[in-house]
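J.: Below is the structure I would like to discuss, written out as structure tokens.
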């Protein structure tokens, strides 16, 4: 079922009756118990490495079930095997699968799959698999406890993943990077490029794979005019809500399309919406991608006017700043303010002593 071999020497650990009773009382206190027939599920926060993360949940026979993808917040890889209709979990040397509708797990141990019983089955709600979080977390080598005084469930993941988050560059010099997300396309990208060329200001474009394929000439122009390029996935999904393998494919397919069209594969990546899980960070690291955020959010996507965008930039800019803007196609023309503001942003910041550079230059140190 899976090409790469993983193994675990730990058998599943089942919660005792007292632990489950506590979970029942806790969730009953928060909300009316939900079940798979309800159209709207209840929600509750679960502490992961002391950080509260709210999730939907289902109670079944005294067991707490959460969306399988929620476990990505722990740092474990979470995938879907369509052939066996199973959720597959991986963490270091441990790998196991939970088939939907079954009260067992298939554990990959020393090159073979071995079946182990579980006290509750994995269920499907509105096409989404829900898994017993206590059993899954413990099988992944995590610690789970319930604090009655705080009315909170705590999971200590025991997974250390190195973050490579970057929100700004070197603050000792007055350098600034303009960045544009979601292109290329044919309405705003040419206008932005015209302004940048006229002003002699380089920028960096976080491009989407499907947009490169649809607008290869605009992509070539970005590179030919000396601007930086970076990866922004193929389809712009919320990475927290897609399987780990999908995250990897979103990045790799866009890298391949950039290489095909302009012969470059940058190591800069920005997740759509700036959203990602702990597991996604592990994927970024595996692929050698630096996770680029921003220090100035212009909120231009919301249809702000040019004057409003300029005011935000002048208020929030500082040395080493990374300015977030967009260049997507929109019939509502929400980015007219971006084009209107750009010349003024460049003029204002230059008057303040700033120099415009690509992200590659800003982060070269």
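The values are calculated or read from the model by the stated rules, or taken from the named source; none is laboratory data. It should be emphasised that the depicted structure is a prediction, and the values quoted were computed from it without experimental measurement. For neighbour counting, all protein chains shown are included, and Cβ atoms are generated from backbone atoms with ideal geometry for every residue, glycine included.
J.: Tell me the residue from 92, 138, 152 that is surrounded by fewer than 21 Cβ atoms within 10 Å (Cβ to Cβ), closer than 15 Å to residue 72 by Cα and modelled with pLDDT under 95, please. Please lay out each step first, then the result.
T.: Working: 138 fails: modelled with pLDDT under 95; 152 fails: closer than 15 Å to residue 72 by Cα.
Of 92, 138, 152, the one residue that is surrounded by fewer than 21 Cβ atoms within 10 Å (Cβ to Cβ), closer than 15 Å to residue 72 by Cα and modelled with pLDDT under 95 is 92.
J.: Could you please find all residues in the stretch 254-269 being in a helix (DSSP H, G or I) and surrounded by 17 or more Cβ atoms within 10 Å (Cβ to Cβ)? Quick ask: steps written out before the conclusion?
T.: First, the residues of the stretch 254-269 that are in a helix (DSSP H, G or I): 254-262.
Residues satisfying the conditions are 254, 255, 257, 258, 261, 262.
J.: May I ask you to verify whether residue 63 is modelled with pLDDT under 95 and within 19 Å of residue 143 (Cβ to Cβ)?
T.: Working: modelled with pLDDT under 95: yes; within 19 Å of residue 143 (Cβ to Cβ): yes.
Taking the combined requirement at face value, the residue satisfies it.
J.: Which of the numbered conditions does residue 196 fail, given that it passes all the others? Conditions: (1) surrounded by fewer than 18 Cβ atoms within 10 Å (Cβ to Cβ); (2) more than 26 Å from the chain's Cα centre (by Cα); (3) closer than 21 Å to residue 359 by Cα.
T.: So residue 196 meets the others, but not (1).
J.: Related question: Checking residue 114 against (1) surrounded by fewer than 17 Cβ atoms within 10 Å (Cβ to Cβ); (2) out of contact with any strand residue (DSSP E or B) (no Cβ under 7 Å at 6 or more places or on another chain), which single condition isn't satisfied?
T.: (2)
J.: Looking at (1) at pLDDT below 95; (2) in contact with a strand residue (DSSP E or B) (Cβ under 9 Å, 6 or more places away or on another chain); (3) assigned by TED's automatic domain parsing to the domain that holds residue 303, which is the only condition residue 181 fails?
T.: Failed condition: (1).
J.: Are any of the residues in the stretch 101-116 within 28 Å of residue 275 (Cα to Cα), part of a strand (DSSP E or B), outside the structural domain of residue 282 (by TED's automatic domain parsing) and modelled with pLDDT under 95? Write out each step before concluding.
T.: First, the residues of the stretch 101-116 that are within 28 Å of residue 275 (Cα to Cα): none.
No, there is no match, as no residue in the stretch 101-116 is within 28 Å of residue 275 (Cα to Cα), part of a strand (DSSP E or B), outside the structural domain of residue 282 (by TED's automatic domain parsing) and modelled with pLDDT under 95.
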